[in-house]
Amino acid sequence: SLAYNLARNEVVATYQALHSGGHLDVMATRFTAGGTILGGGEYSIANGSDDEHTPSITAVGSGDAYLVVWQNEQPSYPAIQARFLNGDGTVNGSAFVVSLAAKYPQVTSWAADREFLVVFEKLYSGSPYVSGVWARRICMDGVRDSDFVVRTPVSTFERTLPAVAAGQHGWLMV
C-alpha cells in the first residue's frame, strides 16, 4: 500500500514481509517523489509473534502524519491493529487495536478534519462464515469512535472486501 505526503512530497510504502522466525511482519520504506529511498531503507511497523499482514496506509497532509492499519492473526481470532507514523515515517506511539474479530482493513484520511476512516470485514454473531462491512473513525489526537455497520451480510459465506476513499465532502465506501 502507498501513501503520498503532500507536505513533504514523499511516499511511504507498506508491505508484509516474511520474518526470519517464519511469520509475517508489516514493514515500510520511505521514498522521495522521484524514487530515492530515504531514512535508511526498510523499517518495521509491526513485528509481533503473530502473523501481521495486509497493511494499508494513508497520509493526512494537514497533520504531516500517516496511519497504518493491518490484520493481526491472533490465536483465537483476527484483529485490526493500527499505528500512527510521523511525517518523516518514524513510528509515533504504540500499536493499538481498531477492532476484534475483523480482517481486510483499508484506511483513508480526510485532511480537512485531520481524521481517518478504517473499513474492514467483521465477523457477525461469532460465525466464521457470516461477515459484514464495518468502519471506525480515528482522529489525529487518538480519539476513536465505536465500530459502526456499513453493510450487513445478506447470505452465509458472503465475502466483503471493502474499499474506502475520501473526498472534499466526506467518505465513500464500497
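The values are calculated or read from the model by the stated rules, or taken from the named source; none is laboratory data. Owing to the predicted nature of the structure, the values given are computational and were not obtained by experimental measurement. Positions of Cβ are backbone-derived with ideal geometry, glycine not excepted, and every protein chain shown enters the neighbour counts. Note: areas computed on protein heavy atoms with side chains; ligands, DNA, RNA excluded. Shrake-Rupley method; radii C 1.70, N 1.55, O 1.52, S 1.80 Å.
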Report task. Kindly provide log₁₀ I(q)/I(0) values, in the same order as q = 0.09, 0.17, 0.20 Å⁻¹, from the Debye equation applied to equal alpha-carbon scatterers of the chain. Result -> -0.30, -1.03, -1.34
Report summary line: So Asn9 and Ser49, fully extended at 0.36 nm per residue minus their Cα-Cα distance, gain in nm 11.0 nm
Report task. Describe numerically, in nm with one decimal, the distance between label points set 7 Å from Cα along Cα→Cβ at Arg114 and at Asn92. Result -> 0.9
Report summary line: Scan of the chain for trypsin sites (Lys or Arg not before Pro) in DSSP loops with at most 15 other beta-carbon atoms within 10 Å gives a longest site-free stretch of 1-113
Requested in this report: Treat every Asp and Glu Cβ in the chain as -1 and every Lys and Arg Cβ as +1, leave all other atoms uncharged, and give the resulting dipole magnitude about the Cα centre to the nearest 20 debye.
Outcome: 300
Query raised in the report: If you roll a 1.4 Å probe over the chain with all protein chains in place, what percent of the accessible area is carbon or sulfur?
Result: 53
Query - Theoretical FRET efficiency, 1/(1+(r/R0)^6), r = Cβ-Cβ of Thr152 and Thr32, R0 45 Å, to 0.05 - result: 0.55
Report task. For the chain, build the charge dipole from Cβ charges (+1 Lys, Arg; -1 Asp, Glu) around the Cα centre, then report which of Ile80, Phe116, Tyr66 sits farthest towards its positive end. Result -> Phe116
Report task. Provide the net charge surrounding Ala82, with neighbours chosen by a C-beta distance below 11 Å and charges set as Lys +1, Arg +1, Asp -1, Glu -1. Result -> +3
Report task. Please give the per residue accessible area of the chain, computed with a probe of 1.4 Å over protein heavy atoms only, in Å². Result -> 48
Report summary line: Once Lys and Arg are counted +1 and Asp and Glu -1 for all other residues with Cβ under 14 Å from that of Asp51, the total becomes -3
